[in-house]
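Trainee: Pasting a structure below so you can have a look.
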Amino acid sequence: MTRSFLARNPSVLIFIACLALFTLAVTLMSEAGGSGAISTSFVKTLGKTLCLCLVALAMDLVWGYTGILSLGHMAFFGLGGYMIGMWLMYARTETIVTASMSNAAIPPTDQEIVDAIGTQIFGVVGGSEFPPVWAFADSLWMQLALVVLVPGLLALVFGWLAFRSRVTGVYLSILTQAMTLALALYLFQNDSGLRGNNGLSGLQNIPGLTGMPQSVLSLWFFWASAFALGAGYLLCAWVVSGKFGSVIRGIRDDEARVRFLGYSVEGYKLFVFTLTAVIAGIAGALYYPQAGIINPAEIAPIASIYLAVWVAIGGRGRLYGAVIGAAFVSLLSTWFTGGQVPSVPLGFYTVDWVDWWQVLLGLSFVLVTLFAPQGIGGLFDLVTGRRPPDRHGADLGPDKGSFREREAEQ
Amino acid sequence: MSQLLEVSGVSVTFDGFKAINNLSFSIGDAELRAIIGPNGAGKTTFMDIVTGKTRPDEGSVLWGEMSQSLLKMNESQIARAGVGRKFQRPTVFEDQTVYANLAMALKKSRSPWSVLASRPSEADRVRIEELAAEIGLADALRRKSGELSHGQKQWLEIGMLLAQEPRLLLVDEPAAGMTLAEREHTTDLLKEAAKTRAVVVVEHDMEFVRRLDCRVTVLHEGSVLAEGSLDHVTKNQDVIDVYLGR
């Protein structure tokens, strides 16, 4: 029991090695770092995919391990994106405005500059005043802190209210859907202070790095995303490896029993919910500068449902499963919806994959849930021989003489 | 003599049905007590009240030297105060190893932060191996508890209770579904546990109660009908009428 963390979890080492190899390969094939076999836009897609893998890890921790089917984690992801987006937009507009006003005969005052930035940013929603939520938008460090604090606090308050009232199961899922829907609807309003349905845009331009080509920037963000995914994986693996993992899996399987063991189930759920919200926020803060734009549609309820689908297809309750599911499904989705897949003419009807992809996704979700509840990650069990006993819940025979499953003899 | 647990004048009504009716019960340190009674006598509801699962309509449940009221605490606080409970059906975490099950139950800080920071220690391992030997599962520590037989699961659950080091053990039908040999082992475990702590056993099976050789409380329609040694209560005419005579 005293072996090191990595020795007890060899899959972590394998995962980190695979991630490092992948990062190296992409770097060598990118336009900025090597042969140029991979276009800059595809590097961005891969970087975004790594961020989605990170939020899928969070989802696996909260759903696969703790058994809380949260259908609202993309709200935290989006909030993280909004927080970093505010600084990106403010700082970039500031450089543009300062440059254009410096030609004026009388040098502008600080207040004039701020007003001009406000007009630039909020002109699209018919305003020019900075709403209170933009109070710290001029400070990168403050906004970076808010990336963690805003999703974390929202999760803490929401989770405290929900778990304290012992809302569980499907009711909690509905509540989290309501939360993300309410947040999306609020942000859709022009007077919410975050530019309504226009969202925040131009996020791919990093202030102070205007001379830097996108091919280089995309690679930097790709590296940052890979690093965040690796660190997130280590953190999640560490959290679930020890006694804490034992307790949260216990909560998933039999909440009441854990309570009678003396553990405060609500405290543990709140801890996991908040931690995963913070991870989701960080993933979002890395995702949206690569996407370039964020608007309230990103945190619509369907986004969080997709997240659950990725984790289910990848395999709940194992961290690499979540990563595989998110990467596989989101890349496949990019491929199908990108219009590059040839349509299938059936004579009487032409199957256009842009429209039919969602049907395919829905069908595969149903099939995976029914026939392969372990998901894609379950394929690794075939290799390692870690098959669960298929006893349909019955006990093993009590004595050696009676019928026993083969695994009891191992 | 000061009592460990004092339940007095407790009543519970479910949809007009009085499950517990003005029940009073007390037990001291290091005492073994059996509770018997026909179906629906309120045995399980009584345990639910003590462990905080059900709130009584009236009455009081006082605990320990400080006479704390258990009614103001939730399930996990009551468990931390020193009340351990074994359910009728064995409820162990089937997806986890016997070792992990016992490790989770060990008496240690239960807060998320300290559990997150806790690392397996040598002292824990020794304690877990001791417990496993006591419940006859020393060879099964690395097995998933879902693979155990029914009787072994019952023992594992008793082992988890012992690991919690509770001052009061509530045990609901420990012998249900056990073979004769398993029953004898269970009786020994409970008697051994009762040397250092209070143990309350709810049981249907008279033979099992006789083997426990302890004071018996007979429940009927939510209140205490008789109390005393098994021979004493089995001679009681009321008890014969409602329970034994049928």
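The values are calculated or read from the model by the stated rules, or taken from the named source; none is laboratory data. The model shown is predicted, which means the values in this text are computed figures rather than measured ones. Using ideal geometry, Cβ is built from the backbone for each residue, glycine included, and neighbour counts are taken over all protein chains shown.
Trainee: Could you tell me which numbered condition B:Thr54 fails, if it satisfies all but one of (1) farther than 29 Å from A:Tyr268 by Cα; (2) assigned to a loop (DSSP other than H, G, I, E, B); (3) of a type in the set (Ser, Thr, Tyr)?
Mentor: Condition (1) is where B:Thr54 drops out.
Trainee: Turning to a different aspect of this structure: Scan region A:154-174 and tell me whether some residue there is in contact with a Gly (Cβ under 7 Å, 6 or more places away or on another chain), part of a helix (DSSP H, G or I) and not aliphatic (A, V, I, L, M).
Mentor: No, the conditions are met nowhere in region A:154-174.
Trainee: Would region B:185-205 turn up any residue that is farther than 22 Å from B:Gly84 by Cβ and assigned to a helix (DSSP H, G or I)?
Mentor: No.
Trainee: Of the numbered conditions (1) more than 8 Å from chain A (Cβ to nearest Cβ); (2) part of a loop (DSSP other than H, G, I, E, B); (3) within 30 Å of B:Ser223 (Cβ to Cβ); (4) of a type outside the set (Gly, Ala, Ser), B:Ile78 satisfies every one except a single condition; which is it?
Mentor: (2)
Trainee: So how many residues does region B:85-100 have that are at the interface with another protein chain (Cβ under 8 Å from one of its Cβ atoms) and not in a loop (DSSP other than H, G, I, E, B)?
Mentor: 2
Trainee: Let me ask something else about it. Among the residues of region A:378-410, which ones are within 27 Å of B:Leu141 (Cβ to Cβ) and at pLDDT 80 or above?
Mentor: Result: A:Gly378, A:Phe380.
Trainee: Just checking, which of A:Leu270, A:Leu275, A:Leu234, A:Leu261 is at the interface with chain B (Cβ under 7 Å from one of its Cβ atoms) and either touching a residue at least 12 places away in the same chain (Cβ under 8 Å) or not small (Gly, Ala, Ser) (or both)?
Mentor: Selected residue: A:Leu261, the only one of A:Leu270, A:Leu275, A:Leu234, A:Leu261 that is at the interface with chain B (Cβ under 7 Å from one of its Cβ atoms) and either touching a residue at least 12 places away in the same chain (Cβ under 8 Å) or not small (Gly, Ala, Ser) (or both).
Results for (1) closer than 24 Å to B:Phe17 by Cα; (2) crowded, with 21+ Cβ neighbours inside 10 Å, shown as yes or no for each residue.
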| residue | (1), (2) |
| --- | --- |
| B:Glu165 | no, no |
| B:Ala176 | no, no |
| B:Glu192 | no, no |
| B:Val201 | no, yes |
| B:Asp241 | yes, no |
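Trainee: Also: Write out, first by first residue and then by second, each pair whose Cβ atoms fall under 8 Å of each other, whose residues are 6+ apart or on separate chains, and whose first residue, in region B:30-56, is at positive phi while the second is assigned to a helix (DSSP H, G or I) and crowded, with 20+ Cβ neighbours inside 10 Å.
Mentor: B:Gly37/B:Lys43; B:Gly37/B:Tyr243; B:Gly52/B:Leu70; B:Gly52/B:Glu75; B:Gly52/B:Ile78
Trainee: Something else now. Could you tell me whether any residue of region B:111-119 is facing chain A (nearest Cβ under 9 Å), closer than 30 Å to B:Gly9 by Cβ and either surrounded by fewer than 17 Cβ atoms within 10 Å (Cβ to Cβ) or in contact with a helix residue (DSSP H, G or I) (Cβ under 8 Å, 6 or more places away or on another chain) (or both)?
Mentor: Within region B:111-119 (the criterion being facing chain A (nearest Cβ under 9 Å), closer than 30 Å to B:Gly9 by Cβ and either surrounded by fewer than 17 Cβ atoms within 10 Å (Cβ to Cβ) or in contact with a helix residue (DSSP H, G or I) (Cβ under 8 Å, 6 or more places away or on another chain) (or both)), the answer is no, since none of the residues qualifies.
Trainee: Moving on. A:Phe22 is checked against (1) outside any helix (DSSP H, G or I); (2) more than 14 Å from chain B (Cβ to nearest Cβ) and fails just one. What number does that condition carry?
Mentor: Among (1) outside any helix (DSSP H, G or I); (2) more than 14 Å from chain B (Cβ to nearest Cβ), the lone unmet condition for A:Phe22 is (1).
Trainee: If you take the residues in region B:206-246 that are acidic (Asp, Glu) and part of a helix (DSSP H, G or I), which one is modelled with the highest pLDDT?
Mentor: Filtering region B:206-246 for residues that are acidic (Asp, Glu) and part of a helix (DSSP H, G or I), the one modelled with the highest pLDDT comes out as B:Asp231.
Trainee: Are any residues in region B:101-127 in a helix (DSSP H, G or I) and either in contact with a Phe, Trp or Tyr (Cβ under 7 Å, 6 or more places away or on another chain) or charged (D, E, K, R) (or both), and if so, which ones?
Mentor: Matches in region B:101-127: B:Asn101, B:Pro112, B:Val115, B:Leu116, B:Glu122, B:Asp124, B:Arg125, B:Arg127.
Trainee: Which residue out of A:Ala75, A:Ala99 is without any contact (Cβ under 8 Å) to a residue 24 or more places away in the chain and in a helix (DSSP H, G or I)?
Mentor: Exactly one residue qualifies, and that residue is A:Ala99.
Conditions (1) surrounded by fewer than 18 Cβ atoms within 10 Å (Cβ to Cβ); (2) under 19 Å from A:Ser304 (Cα atoms), marked per residue:
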residue: A:Leu187; (1), (2): no, yes
residue: A:Leu235; (1), (2): yes, no
residue: A:Val247; (1), (2): no, no
residue: A:Tyr287; (1), (2): no, yes
residue: A:Gln290; (1), (2): no, no
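Trainee: Give region B:142-152 a look and list any residue that's more than 7 Å from chain A (Cβ to nearest Cβ) and outside any helix (DSSP H, G or I), or say none.
Mentor: B:Arg142, B:Arg143, B:Lys144
Trainee: List the number of the failed condition for B:Leu71; all other conditions in (1) in contact (Cβ under 8 Å) with a residue 40 or more places away in the chain; (2) farther than 30 Å from B:Gly177 by Cβ; (3) not small (Gly, Ala, Ser) hold.
Mentor: With respect to (1) in contact (Cβ under 8 Å) with a residue 40 or more places away in the chain; (2) farther than 30 Å from B:Gly177 by Cβ; (3) not small (Gly, Ala, Ser), B:Leu71 is out only on (1).
Trainee: Kindly provide the set of residues from region B:177-189 that are modelled with pLDDT of 85 or more and under 15 Å from B:Pro90 (Cβ atoms), ordered by number.
Mentor: Within region B:177-189, B:Arg183, B:His185, B:Thr186, B:Leu189 qualify.
Trainee: Can you tell me which residue among A:Leu219, A:Leu209 is of a type in the set (A, V, I, L, M), assigned to a loop (DSSP other than H, G, I, E, B) and either crowded, with 18+ Cβ neighbours inside 10 Å or modelled with pLDDT under 90 (or both)?
Mentor: Numbers: A:Leu219 fails: assigned to a loop (DSSP other than H, G, I, E, B).
That would be A:Leu209, the only listed residue that is of a type in the set (A, V, I, L, M), assigned to a loop (DSSP other than H, G, I, E, B) and either crowded, with 18+ Cβ neighbours inside 10 Å or modelled with pLDDT under 90 (or both).
Trainee: Condition first: at the interface with another protein chain (Cβ under 8 Å from one of its Cβ atoms), out of contact with any strand residue (DSSP E or B) (no Cβ under 9 Å at 6 or more places or on another chain) and either buried (at least 23 other Cβ atoms within 10 Å of the Cβ) or at negative phi (or both). Can you find one or more residues in region B:127-141 that meet it?
Mentor: No, region B:127-141 has no match at all.
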